[in-house]
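What follows draws every value from the coordinates through simple rules; no lab data is involved. Predicted model, so just to flag it, every value in this text is computed and none were measured. No Cβ is skipped: glycine too gets one built from the backbone with ideal geometry, and neighbour counts run over all protein chains shown.
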């Protein structure tokens, strides 16, 4: 079942089309990465899902309802969005107490989430003294306050140190393991490859790909390739072409054989007697796939 | 709604700005009161014990009106400026409810403030008059009505501030435009022979409410209604804009 459904969402700001007929679904109990270059409409889409931006056309539903129509939205959706900030003069605990009062959760939950995000010892400090990472943790505490089943997070790893990123990954994994749903945008594709189950890739406000991470990482035009270091790249290119294996040069002394196994390339090398210094199989990295999907010429 | 009003009161109480504004307003009232006492009987000022000076003593409470408007403005614009408005609208997506709770909280805080300062000013006036051996009977019905008008006017200024805050939202502009209008533009209107226009402006309506000694003012009730009208229009238009605009 889809926890989040975005249907034909369109939003323009003046003459700029931020989101252009975007449709995708986020499966319940999964972590879905939301990826795209800067200005591709990720933040606008996330804000439209939670009712902070009004779409020109289309709709966004969470658990079958538009966010503003939910009886207790914060109990269903927790959001950490770029631009939602803190009063610098309020302490972390006081910020969360204000939120707890607004969403109707008991005060003791404030101390629970402070502990959960590792800010207990900084609870009485004013937010103006917080680092970016601490602010992100406080934002996450706000999103988790009413124990929502669905989390919508815009660049949650921003400012987190490596320990913090691992902590966030585990937090999201545990949330999904309990049946929770996470939609998170990130520029750190390597991190998404580790934490996300699915990806939604957009460019210029439009969907360019959607699917399981493993599927997307391997499911491009070239599922695998063999990289060969040789002093005779031109000869090798000809030999591979004669064997029906597409290939290209990469640098001065490297040839990349596309969609071929090391055995196939090895036989061509053996038959042609070309000197080879090194040969290794490689698979496209998720980052390369995303870059290819969203590059300007696409 | 009670929970939302409590939340808005908590917001006002958990940062230094808002108690600071109220303390500033209290200081302004006390300074004005002290100046009336010190200047009584000197130059053109009436001596203590006259209806005019008694009125001036009690009207010190009206000095807080502008700061209460600032209080109202900042209750909205500070949230926009610091980006906390997003959290508020995530918790309560019906934005009108947030603004209504904010208005209620600012009114509650202002009523509390005016109750305390009103009692303080009346107490101080009674003490000053007693010290001078003047009977408190100089606090006539007229003076009492003007005092009440100043309190109601100050409250309406706080509401006007909430409306302006929702209408303009950019903090500096939301402060400069109404302050510039009230303190500069409006006061110049009579100098250009536009007294007929001035009396219908917020400052003129406030003067009518406080029964100021100026020619051509509206009656107290009409002045009060005009000021209420300005506050209501600002809140309704501001609320509509707040509800209709994207929060990017």
Semi-axes in Å, largest first, for the stretch A:140-286 (Cα gyration tensor, √(5λ)) are 44, 15, 13
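With runs of 4+ DSSP H residues as the only contributors, calculate the mean residue ellipticity of chain A at 222 nm using -39,500 (n - 2.57) per run, divided by the residue total and rounded to the nearest 500. Don't skip to the answer; put the middle values down first.
Working: 11 runs with 105 residues, N = 298.
Roughly -10000 deg cm²/dmol at 222 nm, from the helical runs in chain A.
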Tilt, helix A:162-177 to longest principal axis of chain A (alpha-carbon atoms), in degrees rounded to tens, equals 80 degrees
Least to most buried among B:211, B:141, A:135, by other C-beta atoms within 10 Å and fewest first, runs B:141, A:135, B:211
Counting only backbone N atoms under 20 Å from a point 7 Å out along Cα-to-Cβ of residue B:17, the residues of the stretch B:153-175 in range are B:157-175
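Return the ratio Rg/(2.2 N^0.38 Å) for the stretch A:225-282, where Rg is computed over Cα atoms only. Write out the running numbers ahead of the final one.
Details: Rg = 9.4 Å, N = 58, 2.2 N^0.38 = 10.3 Å.
So the stretch A:225-282 has a normalised radius of gyration of 0.92.
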Relative to chain A, whose Cα atoms define the longest principal axis, helix A:92-103 and its Cα axis are tilted in degrees, nearest 10, by 80 degrees
GNM on chain B, Cα springs under 10 Å; top mean-square fluctuation among B:21, B:29, B:38 goes to B:38
Simple spin-label estimate for residue A:108/residue A:295, 7 Å along Cα→Cβ, in nm, reads 5.8 nm
Length gained if residue A:215 through residue A:158 is fully extended, taking 0.36 nm per residue and subtracting the Cα-Cα distance, is 17.9 nm
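What are the equivalent ellipsoid semi-axes of the stretch B:83-134, built from the alpha-carbon gyration tensor (square roots of five times its eigenvalues), in whole angstrom, biggest first? Please list the in-between numbers first.
Details: eigenvalues 372, 14, 5 Å².
That gives 43, 8, 5 Å for the three semi-axes.
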Listed residues B:190, B:215, B:19; largest mean-square fluctuation, Gaussian network over chain B with Cα springs below 10 Å, found at B:215
Connecting every pair of Cα atoms under 10 Å apart in chain A and solving the GNM, the largest mean-square fluctuation among A:37, A:246, A:73 falls on A:246
Plugging the Cβ-Cβ distance of residue A:131 and residue A:166 into 1/(1 + (r/R0)^6) at R0 = 25 Å yields, to the nearest 0.05, a FRET efficiency of 0.90
For the protein assembly as shown, the Cα convex hull volume per residue in Å³ comes to 199 Å³
For chain B the translational diffusion coefficient, Stokes-Einstein from a Kirkwood Rh over Cα pairs at 37 °C and viscosity 0.692 mPa s, in µm²/s, is roughly 173 µm²/s
Taking Cα pairs closer than 8 Å and at least 6 residues apart, the relative contact order of the stretch B:169-227 in percent is 25 percent
Normalised per residue, the volume inside the convex hull of the alpha-carbon atoms of the stretch B:97-239 in Å³ amounts to 127 Å³
Across all Cα atoms of chain A, Rg and the largest Cα-Cα distance (Dmax), in Å, are 23.7, 77
So for R0 = 56 Å, FRET eff. of residue B:200-residue A:16 from the Cβ-Cβ r, to 0.05, ends up at 0.85
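So in chain A, what percent of DSSP beta bridges are antiparallel if you round to the nearest 5?
On the way: 34 of 51 bridges.
Beta bridges within chain A, antiparallel portion: roughly 65 percent.
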In degrees, nearest 10, the alpha-carbon axis of helix B:65-82 is tilted away from the dominant principal axis of the alpha carbons of chain B by 20 degrees
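Give me a single rounded figure for B:87-99: the average over its residues of other chain Cβ atoms within 10 Å of their Cβ. Display every interim value, and only then the final one.
Values: counts 15, 4, 7, 18, 13, 5, 10, 3, 3, 0, 0, 1, 0.
Mean shielding by partner chains, rounded to a whole number: 6.
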